[in-house]
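Following: one structure in structure tokens, then a few remarks.
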Amino acid sequence: MENLVTMDLQATYQGKKVFLTGHTGFKGAWLLQWLRLLGAEVKGYALAPEQAEDLYNLLAGDTLCESVIADLRDAVRLEQEILSFQPDFIFHLAAQPLVRLSYEIPAATFTVNAIGTAHVLDAVRKLAKPCSVVLITTDKVYENKEWLYPYRETDRLGGYDPYSASKACAELVINSYTQSFFNPATFEQHQKGIASARAGNVIGGGDWAKDRIIPDIVRALRTSQPVTVRNPQAVRPWQHVLEPLGGYLLLGAQLAGKPLEYGGSWNFGPYAEDNKVVEELVQAALRIWGSGTYEKPVLTGQPHEAGLLKLDISKAVSQLSWKPQYTADAAIAETLHWYKFYQEEPAAIQQFTIGQINAFIPHED
């Protein structure tokens, strides 16, 4: 079975049309740059970047793709853009991605994440050509009982906070559309490969989102303030952004070749030993940066956030031949090195980012 080592992703994506939602976001901008390095023709669909320092702007994203600035909730516009482009691949990353913000805008979070996914799949229904579709949800789609058992793709979906629940709803939408309109039994009629990818707690350079631990650390370090650690003992499956993105690209490539075999849901996360508590990540980040302090204030009245979450990645490892390349420590180091380089040489950050992608070369054991 092929993996990122033996599969030539460039042969899969070079010259192909890739429709990428969420291309102006953190993960989307990394994937956009990678797709362009592979020679793909990319059309992006997303809201405008929010600030000058957003990775999309630092990578001169408008030069990398045909960029459509529009809302996922605009079903008519989304359908027009997909059908006029006639994509070979669709990667759906656009979302309201923040847990704490979802408590402030719960209805909008459900609309964007669940109904927005339905809008993508509605457009795919009308696409009269073969297409491989990878829809990105999150590791938080599971009914989290905060136990040591890692969650498998077949485990019960749930979600305490609106963000997690909205992504679980998106998974139900994906499953319903797959069964109703893209059923494997009728593949010869629709010719669509449909898969969902579940990854979370992704870290990497260029993330400036509010209430995410790495951006919070970097903002504090840049202003010589102590890092505020909200949930120091929360356990998370930390992974560098290139890990799941490599998984998405591999999944898309395998879907194109064997859509009936590679449809369904897939977890992408680190090995079990690389699950770290938040405080360990903060300590490692400060060591790499070379300065800084942190504090653990006693907070009251805070919205609920999960304390323990682990993913079982055995399906991706055994069936997709995907595997993590970086340890958690290496992921943290790569991430902090990006921010340190940006601090010192901001004009050269695109080449540094490309260098990190090119250096992410999986190896055989």
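Read-outs throughout are calculated quantities, based only on the coordinates presented, and are distinct from any laboratory measurement. Since this is a predicted model, take the numbers as computed values, not measurements. Positions of Cβ are generated from backbone atoms using ideal geometry, with glycine treated the same way; all protein chains shown enter the neighbour counts.
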Under a 10 Å cutoff between Cα atoms, tell me which one of ASP88, ASP155, ASP207 has the largest fluctuation in the Gaussian network model of the chain. ASP155
Just check segment 49-145 against the gyration tensor rule for me: Cα atoms, a ≥ b ≥ c as the square roots of the eigenvalues, rounded for a/c under 1.5, and otherwise prolate or oblate depending on whether a/b exceeds b/c. oblate
Please give me the summed charge of the neighbours of GLN343: other residues whose Cβ is under 13 Å from its Cβ, Lys and Arg +1, Asp and Glu -1. 0
Listed residue (GLY158, ALA94, ALA195) projecting farthest to the positive dipole end of segment 54-212, Cβ model: GLY158
List the lysines whose Cα sits under 21 Å from the Cα of LYS258, skipping any in the same chain fewer than 8 residues away. LYS16, LYS17, LYS129, LYS192, LYS315, LYS323
Residues with amide H under 5 Å of VAL227's amide H, sequence separation 5 or more or different chain, H placed in the peptide plane at 1.01 Å from N; which? THR293, TYR294, GLU295
Taking the Cα centre of segment 156-273 as the origin, how large is its charge dipole in debye, to the nearest 20, when only Lys and Arg (+1) and Asp and Glu (-1) carry charge on their Cβ atoms? 280 debye
Point-charge dipole on Cβ atoms (K/R +1, D/E -1) for segment 14-359, about Cα centre, debye to 20: 440 debye
Given an 8 Å cut-off on Cα distances and at least 6 residues of separation, report the relative contact order of the chain as a percent. 18 percent
Among rounded, prolate and oblate, which fits segment 14-359 when a ≥ b ≥ c are the square roots of the eigenvalues of its C-alpha gyration tensor, a/c under 1.5 means rounded, and a/b larger than b/c means prolate? prolate
